[in-house]
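In what follows, a structure is listed as structure tokens, so that the remarks can point back to it.
The values are calculated or read from the model by the stated rules, or taken from the named source; none is laboratory data. Not measured: the values here are computed from a predicted model. Cβ placement follows ideal geometry from the backbone for every residue including glycine, while neighbour counts extend to all protein chains displayed. All accessible areas refer to the heavy atoms of the entire protein, side chains included, with ligands and DNA or RNA removed. Shrake-Rupley method; radii C 1.70, N 1.55, O 1.52, S 1.80 Å.
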Amino acid sequence: MYHEPVEELSSKDRDIHRALVSLKEEVEAVDWYHQRAATASDDAVKAIIEHNRNEEMEHASMLLEWLRRNVPEWDEALRTYLFTEEPITEIEASAAGEEEASGSGRGSLGIGSLKE
């Protein structure tokens, strides 16, 4: 569902919307399959449901990758948070500290600090 007049959205904006809606649907399907697998009493049924869940994870990952390639802010967020080891809630502060130390923070000319 569009929240803004569709005629005011570019083709790219509509594609981003399609990807985001599809991502929500894929994540929701992962949840449904996960719950079904967790409660299945038959091992064969459980294995099939887990296979289906994993397929939905693949679809969600493909959509995230498309978003990363097409929306710079997604690229930045994913590069900041994915495949890291430090506590998730501390990553943003750590990244901000690195930007300040390198002089690449917002509003910076990228030349570093003039302080000694």
Out of all the residues in region 100-116, which are at pLDDT 70 or above and either open to solvent by less than 80 Å² (accessible area, probe 1.4 Å) or closer than 30 Å to Lys12 by Cβ (or both)?
none
Tally the residues that are of a type in the set (A, V, I, L, M) and closer than 14 Å to Met1 by Cα, restricting the search to region 24-38.
0
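Matching residues to (1) surrounded by 10 or more Cβ atoms within 10 Å (Cβ to Cβ); (2) hydrophobic (A, V, I, L, M, F, W, C); (3) touching a residue at least 60 places away in the same chain (Cβ under 8 Å):
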site: Asp13; (1), (2), (3): yes, no, no
site: Lys24; (1), (2), (3): yes, no, no
site: Val30; (1), (2), (3): yes, yes, no
site: Asp42; (1), (2), (3): no, no, no
Every residue from region 1-11 that is loosely packed, with under 13 Cβ neighbours inside 10 Å and of a type outside the set (D, E, K, R):
Met1, Tyr2, His3, Pro5, Val6, Ser10, Ser11
Can you find a residue that is farther than 19 Å from Leu67 by Cβ and either outside any helix (DSSP H, G or I) or hydroxyl-bearing (Ser, Thr, Tyr) (or both) anywhere in region 9-31?
no
Quick one: in region 75-96, of everything that is open to solvent by 80 Å² or more (accessible area, probe 1.4 Å) and in a helix (DSSP H, G or I), which residue is farthest from Arg14 (Cα to Cα)?
Glu90
Pick out the one residue from Ala38, Ala47 that is open to solvent by less than 60 Å² (accessible area, probe 1.4 Å) and hydrophobic (A, V, I, L, M, F, W, C).
Ala47
Kindly indicate whether Ala47 is over 19 Å from Lys24 (Cβ atoms) and either of a type in the set (Gly, Ala, Ser) or modelled with pLDDT under 95 (or both).
yes
